Amino acid sequence: MTEINTSHAADTIAFPKGEAAALGMSRTHLVMMVGLVALVAMAPFAFYPLFVVKVLCFALFALSLNLMLGNLGLLSFGHAAYFGLSSYSAAHAAKVMGFTPELAILFGVVVALVVGAVIGALSVRRKGIYFAMVTLAFAQMVYFFSLQARFTGGEDGIQQVPRGQLFGLISLQNDMTLYALVATLFVLGVLALYRITYSPFGHILRSIRDNEGRAISLGYRVNLYKWLAFVLGAGFAGLAGGMKAISFQLASLTDVYWGMSGEVVLMALIGGMNTFFGPIVGAALVVWMQNELASFGAWVTIVQGLVFMVCILAFRKGILGTLGQFLTRKL
Amino acid sequence: MVDDIALRASGLIMEFKGFRAVDGVDLAIPRGTIHALIGPNGAGKSTCFNLLTKVLTPTAGAIHFEGRDITGLSPANVARLGIVRSFQISAVFGTMTVLENVRIALQRHRHGDSWDFWRSDRVLAHLHEEALALLASVGLADYAGHVANDLPYGRKRALEIATTLALEPRVLLLDEPMAGMTQEDVTRISALIRKVAVGRTVVMVEHNLSVVADLSDRITVLARGKILAEGEYADVARDPRVIEAYIGVAHA
């Protein structure tokens with residue numbers, strides 16, 4: 001069999017198969033995955049656990065957005081809808097319906113999947129800026145629904161959501177116990193998203209991104225693939241939203257606001273949308289900035305804007321994208 | 001009695017806001033032949049081509065593939081029947097490797113759809129041998145690991161053909177396969193088309209008349225949306241109406 005040349009690095013999430021090591025990951029990715037798990041395991045001892053919980057929720061959220069953005073080149077500008085609706089649903093399930101936390105989160109995911117399936121079916125026929133606008137419009141509808149519906153508590157949101165007892169057995173009152181749950185869900189979520197990205201299905205998504213007309217001419221019904229990617233992305237955004245609601249015992253309008261949709265796009269872009277791990281880095285950076293600069297009030301948005309501008313001007317491929325280019329590795 | 005017409009178009013009409021780009025075209029392309037559509041700019045070749053590939057739906061008329069009416073099918077479903085098109089500008093999956101390009105086509109051909117987002121792409125490894133054989137058949141075996149965008153133009157077209165062949169198409173629709181090519185590439189791709197046309201039906205739109213003369217069994221000349229002449233190249237080329245349409249006749 002011919003030796004497969006892997007020297008040419010393309011600007012894409014795909015990695016050359018010649019590099020494949022264990023678990024269907026490239027060696028670079030395997031090292032990064034192990035590093036990530038180690039980091040997640042050690043972080044609560046170095047930082048305030050709830051801060052890391054927030055980073056993990058947003059990292060998963062950013063990864064869920066990048067499933068479409070990175071692999072299909074489709075920017076959903078209303079991704080907060082699934083995050084927020086799941087946040088409300090999980091909070092409502094835990095507080096009013098008395099669900100245990102794992103069931104509350106699951107309920108949130110199911111709601112996000114269903115809403116994602118409907119909005120996705122109506123959006124995937126559009127491309128580029130039109131797709132972004134359509135998804136934003138639907139997200140605004142979800143926002144106004146959340147503002148008006150009774151169970152969401154309007155301006156107040158749903159407060160004092162009980163963390164409850166995992167499987168009805170383990171109390172999550174302790175931050176470290178909660179952290180263990182969130183970290184586990186996060187790692188499982190990352191592994192699942194990684195698997196999707198590098199599945200036979202994931203390869204087809206990238207072929208559609210590269211050349212949609214050609215993918216059709218090969219017999220692929222591209223809208224179905226886009227739709228499935230959309231629904232999966234919404235589901236993982238829902239997982240992030242549910243985790244966030246249970247952890248911070250709060251679901252509010254902020255979670256469904258368009259600003260939230262913008263922020264998660266920012267995270268994916270800063271980290272590098274053409275890398276798998278980039279959105280995690282972007283999320284960590286943005287959440288860290290918000291935390292550090294909280295005392296400066298409105299200045300946070302200005303600094304955030306400046307960071308974004310520097311990223312666009314200096315490293316257009318995002319932090320990991322640029323780093324990967326420098327190291328000639330796909331990160 | 002088996003109908004030996006692979007692709008039949010009857011009474012095709014395509015209107016764009018009152019303008020008839022294709023005006024009553026009938027085509028009958030026998031199985032196993034190479035058929036060329038030619039004509040001056042604006043004759044309706046590309047519209048005709050887009051009708052055959054289902055990118056456009058005709059205003060009136062019908063298209064049959066081996067006796068089956070395919071007028072209402074979507075482009076993806078037409079491809080699934082084995083009618084596969086190429087594109088004027090090279091159509092490769094640019095960020096994917098050459099091997100992956102062909103593998104995407106094999107994936108569709110061997111597995112139908114790939115909804116399996118829960119499986120590792122290692123399950124696709126069994127397609128690599130076949131993909132490499134296809135690449136070898138178009139002279140790209142040494143490039144398997146290269147990213148498609150890094151290939152020179154002529155090689156991209158060869159990759160496109162390998163990708164198309166992975167589907168084992170029954171009808172190949174080639175949209176100006178020689179557009180923008182150097183003479184060296186033209187020679188190579190001509191030979192390739194001749195090779196892959198064995199046992200297949202090929203319809204092509206092409207401007208390069210020497211290629212058309214060289215490759216095609218029959219040609220159809222279009223002008224202003226209508227068929228001007230049809231037959232073997234040598235006969236059609238002598239037809240005064242064709243000469244007039246191409247070169248124009250000085251007024252007396």
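The values are calculated or read from the model by the stated rules, or taken from the named source; none is laboratory data. Given the structure is predicted, the values throughout are model-derived calculations rather than measurements. Don't worry about glycine lacking a Cβ; one is built from the backbone with ideal geometry, like all the others, and counts go over all protein chains shown. Just the protein is used for accessible areas: all its heavy atoms, side chains included, with ligands, DNA and RNA removed. Shrake-Rupley method; radii C 1.70, N 1.55, O 1.52, S 1.80 Å.
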Residue match in segment B:114-123 (condition: open to solvent by 30 Å² or more (accessible area, probe 1.4 Å) and either small (G, A, S) or more than 8 Å from chain A (Cβ to nearest Cβ) (or both)): no
B:R103 being more than 7 Å from chain A (Cβ to nearest Cβ) and modelled with pLDDT of 90 or more: yes
Qualifying residue in segment A:271-290 (condition: at pLDDT below 90, open to solvent by less than 40 Å² (accessible area, probe 1.4 Å) and assigned to a loop (DSSP other than H, G, I, E, B)): no
Selection within segment B:83-100 - more than 9 Å from chain A (Cβ to nearest Cβ) and either buried (at least 19 other Cβ atoms within 10 Å of the Cβ) or at pLDDT 90 or above (or both): B:I83, B:S90, B:V98
Residues located in segment A:196-209, provided they are in contact (Cβ under 8 Å) with a residue 24 or more places away in the chain and in a helix (DSSP H, G or I): A:I196, A:T197, A:F201, A:G202, A:H203, A:L205, A:R206, A:I208, A:R209
Counted residues, segment A:1-42 - those being away from chain B (no Cβ under 14 Å), at pLDDT 90 or above and either open to solvent by less than 70 Å² (accessible area, probe 1.4 Å) or within 18 Å of A:F277 (Cα to Cα) (or both): 10
Residue in segment B:156-163 that is open to solvent by 10 Å² or more (accessible area, probe 1.4 Å), among the polar types (S, T, N, Q) and out of contact with any Pro (no Cβ under 6 Å at 6 or more places or on another chain) present: no
A:V124 vs. criteria touching a residue at least 60 places away in the same chain (Cβ under 8 Å), touching a Lys or Arg at 6+ places or on another chain (Cβ under 6 Å) and open to solvent by less than 50 Å² (accessible area, probe 1.4 Å): yes
Yes/no for B:S190 being hydroxyl-bearing (S, T, Y), at pLDDT below 90, under 21 Å from B:R85 (Cα atoms) and part of a helix (DSSP H, G or I): yes
Answer residue from segment B:200-217, given it is of a type in the set (D, E, K, R) and surrounded by fewer than 17 Cβ atoms within 10 Å (Cβ to Cβ) and is nearest to B:I189 (Cα to Cα) among those: B:D214
Qualifying residue in segment B:177-187 (condition: crowded, with 24+ Cβ neighbours inside 10 Å, assigned to a loop (DSSP other than H, G, I, E, B) and either modelled with pLDDT of 90 or more or not aromatic (F, W, Y) (or both)): yes
Among the candidates B:T53, B:T59, B:T71, residue that is over 19 Å from the mean Cα position of the chain (by Cα), hydroxyl-bearing (S, T, Y) and either open to solvent by less than 40 Å² (accessible area, probe 1.4 Å) or more than 14 Å from chain A (Cβ to nearest Cβ) (or both): B:T59
Among the residues listed as B:A36, B:A79, B:A133, the single one being open to solvent by 10 Å² or more (accessible area, probe 1.4 Å) and either out of contact with any Lys or Arg (no Cβ under 6 Å at 6 or more places or on another chain) or in a strand (DSSP E or B) (or both): B:A133
Conditions (1) within 14 Å of chain B (Cβ to nearest Cβ); (2) small (G, A, S); (3) touching a Leu at 6+ places or on another chain (Cβ under 7 Å): number failed by A:A240: (1)
Any hit, segment B:25-44, residues being more than 10 Å from chain A (Cβ to nearest Cβ), hydroxyl-bearing (S, T, Y) and either out of contact with any helix residue (DSSP H, G or I) (no Cβ under 8 Å at 6 or more places or on another chain) or in contact (Cβ under 8 Å) with a residue 60 or more places away in the chain (or both): yes
